[in-house]
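Below: the structure, in structure tokens.
The values are calculated or read from the model by the stated rules, or taken from the named source; none is laboratory data. Given the structure is predicted, the values throughout are model-derived calculations rather than measurements. Methodologically, a virtual Cβ is constructed for each residue, glycine included, from the backbone with ideal geometry; neighbour enumeration extends over all protein chains shown. With ligands, DNA and RNA removed, areas are computed over all heavy atoms of the protein, side chains included. Shrake-Rupley method; radii C 1.70, N 1.55, O 1.52, S 1.80 Å.
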Amino acid sequence: MTTTTLSAKELVEKQRKFFRTGETKSVAYRIDALKRLRSGIETYQERILSALRADLNKSEGEGFYTEIRLVLGEIDYTLKSLEEWVLPRTVPTSDQIPDGTSKIHPEPYGVTLVIAPWNYPFQLAFSPIVGAISAGNTVVLKPSELTPTVSKISAELIREYFPEEFFAAMEGEVETSTELLREKFDYIFFTGSTQVGKVVMRAAAEHLTPTTLELGGKSPSIVHADANLKSAAQSIVRGKFLNAGQTCVAPDYLLVHEDVRDAFIEELRQEITNKHGEDVMQNPDFPHIVNGKNFDRLNAFLENGEKVIGGRSDREQLMIEPTLLQGITWDSPIMQEEIFGPILPMMTYTDLDEVIEKIVDRPKPLALYLFTRAQQVQDLVLNNVSFGGGCVNETLLHMSSHELPFGGVGDSGMGSYHGRQSFETFSHHKSMLVRNV
Ligand code: NAD
């Protein structure tokens, strides 16, 4: 048995009792736990990579760079600065209290719950956990049941390296999540769909538990007339087809200036071939769609508009080739929900203001990517559209920086993490004024 044998209630009670001993508050304990996690990941690396291959057909390279390396990077970054982050911060005190000192003390919340999705099943479980541990909390992880091999390996790693009163995995389906959410946690960190995010927030409200919601949505990519088309095509192909489009911050749809449409389609075609081969259906390393249900949902989108590039699919292999669709409108079915697959619908525009209006009329995206060299165009989009975060002349890379807090806004989520922000997210900031009388 790799997962805990305790019920959610027993596990939370056990962790709460341990948290109250104060052990996790010591910086030495946190540093030791992070180092142990690092060494566990290194020992399990091959097994994690095989599990990613089994569940999603992720190649070893893609698995290492997008899952394992990001978590190891977060651990190393945290270990470098944790002793400084934990210190109380002195802030000015009002002149009216001349004998007063004001300090902000970061303190752990207590028992935390991390609920993870299936698309980056290792990274999105363990990255937030680095923050939870660094801030001195105990952790219960609920991995995704849709990637069962990664779920099992993650639970095994945790069980081998940590006592369950401090850090435990509870594997299972939705019922397990529901059982966990009935309990009173001190912090919940959820990554998943907007729809389930609402369920989590409702459950958290019962206990007034603070929550981070890392959700999804439709992230636009705008290619303006003055863009470097080759570079834009390279970034969009990289960002869209990584993990076969099953990436929360993948470019969901394209808005291309009418004047450069044809040239841009050719650049995309070229880049897809360069990156994924002449016949992607024969590429043994192109990731698969996670399950038949998602395959069928995506396959139906292939009937939207007109296929300009790609369009083939194979249900047996759960494979869909990189596909570009044109003849799409804002009312097409594919524009009504997050795609989460290797299908890229394209619309064209001549008036950027109209495009901005359309985006702003819809739920706030998790990411936005803009391709232009003009500062004026960058300012226009940045000042008028609210979204989680994004890039100009690039895709995805804002989320790989330890220095940039990552998260959504509105329907795409609330709260953020990565680097120091993970520590801050999992810490309560206790403000203290002390008078020296
Ligand atoms: P999901 O919401 O279906 O599931 C996420 C987790 O919630 C799983 O562990 C699942 O067991 C649990 N869950 C599912 N239904 C539940 C319910 N009714 N009650 C309680 N728990 C429940 O999401 P998913 O399909 O695993 O992931 C895809 C979604 O996640 C996409 O929308 C994507 O954009 C989003 N996502 C966001 C980020 C981000 O960082 N913002 C990252 C990855 C994925």
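For this structure, a couple of remarks:
- From the list THR24, THR43, THR78, the lone residue that is open to solvent by 20 Å² or more (accessible area, probe 1.4 Å) and at negative phi is THR43.
- Residues of segment 272-328 that turn out to be among the charged types (D, E, K, R), in contact with a Phe, Trp or Tyr (Cβ under 9 Å, 6 or more places away or on another chain) and within 16 Å of the ligand (Cβ to nearest atom), as a count: 1
- Taking segment 124-147 as the range and being open to solvent by less than 10 Å² (accessible area, probe 1.4 Å), out of contact with any strand residue (DSSP E or B) (no Cβ under 6 Å at 6 or more places or on another chain) and more than 18 Å from CYS248 (Cβ to Cβ) as the test, the residues that pass are VAL130, ILE133, SER134.
Quick grid of which residues meet (1) within 16 Å of the ligand (Cβ to nearest atom); (2) surrounded by 19 or more Cβ atoms within 10 Å (Cβ to Cβ):
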position	(1), (2)
LEU396	yes, yes
MET399	yes, yes
ARG420	no, yes
SER431	no, no
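- Every condition in (1) farther than 22 Å from GLY305 by Cβ; (2) at pLDDT 95 or above holds for SER400 except the one numbered (2).
- Residue match in segment 116-139 (condition: of a type outside the set (A, V, I, L, M, F, W, C), in contact (Cβ under 8 Å) with a residue 40 or more places away in the chain and over 25 Å from GLY407 (Cα atoms)): no
- The set of residues in segment 1-18 being open to solvent by less than 30 Å² (accessible area, probe 1.4 Å), of a type outside the set (Gly, Ala, Ser) and part of a helix (DSSP H, G or I) consists of LEU11, VAL12, GLN15, PHE18.
- There is no residue in segment 232-244 that is open to solvent by 10 Å² or more (accessible area, probe 1.4 Å), in contact with a Ser or Thr (Cβ under 8 Å, 6 or more places away or on another chain) and within 28 Å of THR176 (Cα to Cα).
- Residue in segment 85-108 that is open to solvent by 70 Å² or more (accessible area, probe 1.4 Å), assigned to a helix (DSSP H, G or I) and free of Cβ contacts under 8 Å to residues at least 60 places away in the same chain present: no
- When LYS152, LYS184 are checked against the criterion of being surrounded by fewer than 23 Cβ atoms within 10 Å (Cβ to Cβ), modelled with pLDDT of 95 or more and in contact with a His (Cβ under 9 Å, 6 or more places away or on another chain), LYS184 stands alone in meeting it.
- Output for segment 313-333, where each listed residue is free of Cβ contacts under 8 Å to residues at least 40 places away in the same chain, β-branched (Val, Ile, Thr) and crowded, with 20+ Cβ neighbours inside 10 Å: THR323
- For ALA300, the criteria (1) modelled with pLDDT of 95 or more; (2) part of a loop (DSSP other than H, G, I, E, B); (3) open to solvent by 10 Å² or more (accessible area, probe 1.4 Å) hold in every case but one, which is (2).
- For segment 144-188, the set of residues classified as near the ligand (Cβ under 9 Å from one of its atoms) and β-branched (Val, Ile, Thr) consists of THR147, VAL174, THR176, THR178, listed by residue number.
- Members of segment 4-22 that are free of Cβ contacts under 8 Å to residues at least 12 places away in the same chain and closer than 18 Å to PRO108 by Cβ: GLU13, ARG20, THR21, GLY22
- Matching residues, segment 199-231, being closer than 24 Å to SER7 by Cα, part of a helix (DSSP H, G or I) and open to solvent by 10 Å² or more (accessible area, probe 1.4 Å): VAL199, MET201, ARG202, ALA203, ALA205, GLU206, HIS207
- Remark: pairs (first residue in segment 44-65, outside the structural domain of PHE241 (by TED's automatic domain parsing) and assigned to a helix (DSSP H, G or I); second residue modelled with pLDDT of 95 or more and of a type in the set (Ser, Thr, Tyr); Cβ separation under 6 Å; 6+ apart in sequence or on different chains) = ALA51/THR149; ALA54/THR149; ASP55/THR147; ASP55/THR149.
- Number of residues in segment 162-180 that are in a helix (DSSP H, G or I) and in contact with a strand residue (DSSP E or B) (Cβ under 8 Å, 6 or more places away or on another chain) equals 3.
- Some residue of segment 256-272 being under 25 Å from the mean Cα position of the chain (by Cα) and among the acidic types (Asp, Glu): no
- Test: residue in segment 371-388 that is of a type outside the set (Asp, Glu), closer than 28 Å to LEU72 by Cβ and away from the ligand (no atom under 12 Å from the Cβ): no
Yes/no per residue for (1) more than 28 Å from the chain's Cα centre (by Cα); (2) farther than 16 Å from SER427 by Cα:
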| residue | (1), (2) |
| --- | --- |
| GLU13 | yes, yes |
| LEU34 | no, yes |
| LEU56 | no, yes |
| ILE75 | no, yes |
| GLU83 | no, no |
| LEU87 | yes, no |
| THR112 | no, no |
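- Residues that are under 25 Å from SER313 (Cβ atoms) and of a type in the set (Val, Ile, Thr), drawn from segment 324-367: ILE328, THR329, ILE334, ILE339, ILE343
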